[in-house]
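Peer 1: Questions regarding the structure given below will be posed in turn.
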Amino acid sequence: MSLPDYTPIDAAERALWAFMTRHQRFTMADLKASVTCSDYKVEKFTAKLRRKNILLPCRRDGATQLFTVMDTAAALSFGKAKRETKSGMMWAVMRTLRTFTPREVLLGMGGEETITLADAEKYCTHLLQAQYLRVVEKAKPDIGRPARYRLVKDTGALPPVRKQRAVLIDPNEDRGGWVSGALL
Amino acid sequence: MAQSMNLGNGVRPLSNVARLVTLVERVEKRAFGLPGMAVFHGFPGLGKTFASAFCAAQLDCIHISVQEEWTRKFLLKQILRELGLTARGQTADMGMQANEGLAIAGRTLIIDEADYALKKGMINLIRGLHDGSGVGVVLVGMEDLPQMLKSAEQVDGRILSWDQAEAADTRDTALLAEHYAPGVSFDEAMLDRIRKRNNGSARYISRDLAYVLEQCQIQGDFLMTADKWGDAPFPRAQAPVPRGALA
């Protein structure tokens with residue numbers, strides 16, 4: 001992977017640089033939320049990287065500009081590691097089959113031993129909760145019929161993964177006020 | 001063509017999966033100068049898409065299933081999306097971007113439903129991607145795909161190898177039984193009966209096996225032989241013909 005050659009000079013820059021190299025694309029808001037330093041420091045650092053042509057605008061998401069520090073080769077190898085995970089392989093099978101049971105996901109992987117039926121079922125449940133899947137045939141455990149799902153939200157080649165983060169809930173406003181980490 | 005049934009890591013694939021894997025490996029490991037396109041074709045229900053799913057998951061191939069309404073531009077956008085790249089500019093720019101991305105990634109491209117790609121005039125675009133990036137391209141489609149490709153001479157000349165998806169054999173049927181009827185013990189005659197009844201179509205065999213599991217669960221008997229099953233009906237295999245008058 002060919003990331004640009006840059007050595008951060010202090011702790012704040014190190015934290016910002018680590019975030020930039022961990023994510024393929026990010027917004028300025030993501031970057032600011034990822035660190036504890038001031039917005040002024042973030043803006044100063046990003047302006048420096050933009051002058052050096054290290055930080056590049058890559059695309060827009062509506063009115064929001066997304067940035068990257070990865071060139072094509074770096075972006076391609078960034079995805080490879082994620083696709084080779086357990087969830088990456090299951091996601092690839094789901095995207096190909098479109099309609100499937102957890103057992104078919106396993107069968108699509110040729111009965112890969114490192115992934116169990118429980119893994120496939122758990123991943124399906126998470127995707128169902130996040131509304132990536134829809135149940136097209138309900139499970140009937142009494143006759144041994146598993147639930148059949150359809151992939152309704154195919155967001156791309158990289159697998160959605162479940163992550164747990166600390167969240168600060170403010171009961172005064174009855175909503176989440178802060179989530180640890182900018183990009184979940 | 002000989003296929004290995006052992007793909008390592010305890011993976012036991014269906015025979016059509018092994019066939020497609022062999023084809024992918026052939027185009028990936030071809031000698032310099034040889035064309036890198038291949039065709040995997042067969043009747044519906046034999047497990048071609050399952051085989052493609054395996055290649056996408058285990059061999060990191062890019063799987064694109066072409067649909068009837070797709071245009072050339074949309075196909076390029078989909079390929080770029082699979083590569084994790086943002087499409088920029090006109091169709092020609094996207095073509096260049098896809099060539100560059102595929103060449104750097106070195107991932108074999110599997111084009112499923114290639115019949116549509118041929119009908120919609122995308123086949124030369126796919127050939128261009130093969131020529132421009134040097135990656136292997138496997139076209140997956142219906143039984144008559146190789147004959148249909150004869151009309152596109154430049155593509156036909158770049159085909160390194162063809163292989164057919166075959167009807168499920170006894171081993172495949174037993175493997176499908178492990179997945180679709182877990183916990184049920186079948187005798188060989190019963191598996192053979194299900195296989196023959198469905199002409200080796202993996203899709204229909206799976207449906208029958210799931211039905212047998214349902215019946216076993218209802219009866220509480222998990223040993224199923226051909227004798228025990230007797231003349232009991234299976235799910236309907238053919239669409240019903242119109243009945244006569246009601247009276």
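Peer 1: Please name all residue pairs, on different chains or six or more residues apart, with Cβ atoms under 9 Å, provided the first residue is in the stretch B:217-234 and is within 14 Å of chain A (Cβ to nearest Cβ) and farther than 16 Å from B:Lys196 by Cα and the second residue is among the β-branched types (Val, Ile, Thr) and outside any loop (DSSP other than H, G, I, E, B).
Peer 2: As it stands, the answer is B:Gln217/A:Ile143; B:Ile218/A:Ile143; B:Met224/B:Val212, since those pairs meet every condition given.
Peer 1: For the stretch A:118-143, which positions are in a helix (DSSP H, G or I) and under 23 Å from the mean Cα position of the chain (by Cα)? Outline the logic, then answer.
Peer 2: At the first step, the residues of the stretch A:118-143 found to be in a helix (DSSP H, G or I) are A:118-129, A:141-143.
Matches in the stretch A:118-143: A:Ala118, A:Asp119, A:Ala120, A:Glu121, A:Lys122, A:Tyr123, A:Cys124, A:Thr125, A:His126, A:Leu127, A:Leu128, A:Gln129.
Peer 1: Which numbered condition in (1) more than 13 Å from chain A (Cβ to nearest Cβ); (2) out of contact with any Phe, Trp or Tyr (no Cβ under 9 Å at 6 or more places or on another chain) is the only one that B:Leu175 fails?
Peer 2: Tallying (1) more than 13 Å from chain A (Cβ to nearest Cβ); (2) out of contact with any Phe, Trp or Tyr (no Cβ under 9 Å at 6 or more places or on another chain), B:Leu175 fails exactly one: (1).
Peer 1: Being polar (S, T, N, Q), more than 21 Å from B:Cys61 (Cα to Cα), within 11 Å of chain B (Cβ to nearest Cβ) and in contact with a strand residue (DSSP E or B) (Cβ under 8 Å, 6 or more places away or on another chain) narrows it down to one of A:Thr96, A:Thr101, so name that one.
Peer 2: On the way: A:Thr96 fails: more than 21 Å from B:Cys61 (Cα to Cα).
Answer to the selection: A:Thr101.
Peer 1: For the stretch B:21-42, give me each residue that is among the small types (Gly, Ala, Ser) and in a loop (DSSP other than H, G, I, E, B). Quick ask: steps written out before the conclusion?
Peer 2: Our first condition is that a residue be among the small types (Gly, Ala, Ser); within the stretch B:21-42, this holds for B:31, B:33, B:36, B:38, B:42.
Correct list: B:Ala31, B:Gly33, B:Gly36, B:Gly42.
Peer 1: Residues in the stretch A:14-24 that are under 15 Å from the mean Cα position of the chain (by Cα) and surrounded by 17 or more Cβ atoms within 10 Å (Cβ to Cβ): how many? Spell out how you get there, then give the answer.
Peer 2: If we filter the stretch A:14-24 for residues that are under 15 Å from the mean Cα position of the chain (by Cα), which is where we start, we get A:19-24.
Checking which are surrounded by 17 or more Cβ atoms within 10 Å (Cβ to Cβ) leaves us with A:19-20, A:23-24.
Qualifying residue count, the stretch A:14-24: 4.
Peer 1: Only one of (1) of a type outside the set (A, V, I, L, M, F, W, C); (2) touching a His at 6+ places or on another chain (Cβ under 9 Å); (3) modelled with pLDDT under 90; (4) closer than 26 Å to A:Glu121 by Cβ fails for A:Glu84. Which number is that?
Peer 2: Here A:Glu84 clears every test but (2).
Peer 1: Another question about this same structure. Quick one: is A:Ala63 more than 8 Å from chain B (Cβ to nearest Cβ), small (Gly, Ala, Ser), within 20 Å of the chain's Cα centre (by Cα) and more than 22 Å from A:Ala15 (Cα to Cα)? Please lay out each step first, then the result.
Peer 2: Working: more than 8 Å from chain B (Cβ to nearest Cβ): yes; small (Gly, Ala, Ser): yes; within 20 Å of the chain's Cα centre (by Cα): no; more than 22 Å from A:Ala15 (Cα to Cα): yes.
Here the answer is no, as A:Ala63 does not meet what is asked.
Peer 1: For residues that are away from chain A (no Cβ under 14 Å) and in a loop (DSSP other than H, G, I, E, B), scanning just the stretch B:92-138, find the one that is nearest to B:Gly36 (Cα to Cα). Before the answer, list the steps.
Peer 2: Just the residues of the stretch B:92-138 that are away from chain A (no Cβ under 14 Å), to begin with: B:92, B:95, B:114-132, B:134, B:136-137.
Cutting the leftovers down to in a loop (DSSP other than H, G, I, E, B) gives us B:120-122, B:134, B:136.
Values: B:Lys120: 22, B:Gly121: 20, B:Met122: 17, B:Gly134: 7, B:Gly136: 5 Å.
Going through the qualifying residues, I end up with B:Gly136.
Peer 1: In the stretch B:43-88, what residues are of a type in the set (A, V, I, L, M, F, W, C), in a loop (DSSP other than H, G, I, E, B) and away from chain A (no Cβ under 11 Å)? I'd like the intermediate steps shown before the answer.
Peer 2: To start, the set of residues in the stretch B:43-88 that are of a type in the set (A, V, I, L, M, F, W, C) comprises B:43, B:46, B:50-51, B:53-57, B:59, B:61-62, B:64, B:66, B:70, B:74-76, B:79-80, B:83, B:85, B:87.
Of the ones still in play, those that are also in a loop (DSSP other than H, G, I, E, B) are B:43, B:46, B:59, B:61, B:66, B:70, B:85, B:87.
Of everything in the stretch B:43-88, those that are of a type in the set (A, V, I, L, M, F, W, C), in a loop (DSSP other than H, G, I, E, B) and away from chain A (no Cβ under 11 Å) turn out to be B:Phe43, B:Leu46, B:Val66, B:Trp70.
Peer 1: Looking only at the stretch B:156-171, count every residue that is in a helix (DSSP H, G or I) and in contact with an Asp or Glu (Cβ under 9 Å, 6 or more places away or on another chain) and tell me the total. Don't jump to the end; show me each part of the working.
Peer 2: We begin by selecting, within the stretch B:156-171, every residue in a helix (DSSP H, G or I); these are B:156, B:170-171.
So of that shortlist, the ones also in contact with an Asp or Glu (Cβ under 9 Å, 6 or more places away or on another chain) come out as B:170.
Total meeting the criteria: 1.
The values are calculated or read from the model by the stated rules, or taken from the named source; none is laboratory data. Just so you know, these numbers come straight off a predicted model, no measurement behind them. FYI the Cβ positions are ideal-geometry reconstructions off the backbone, even for glycines, and counts take in every protein chain you see.
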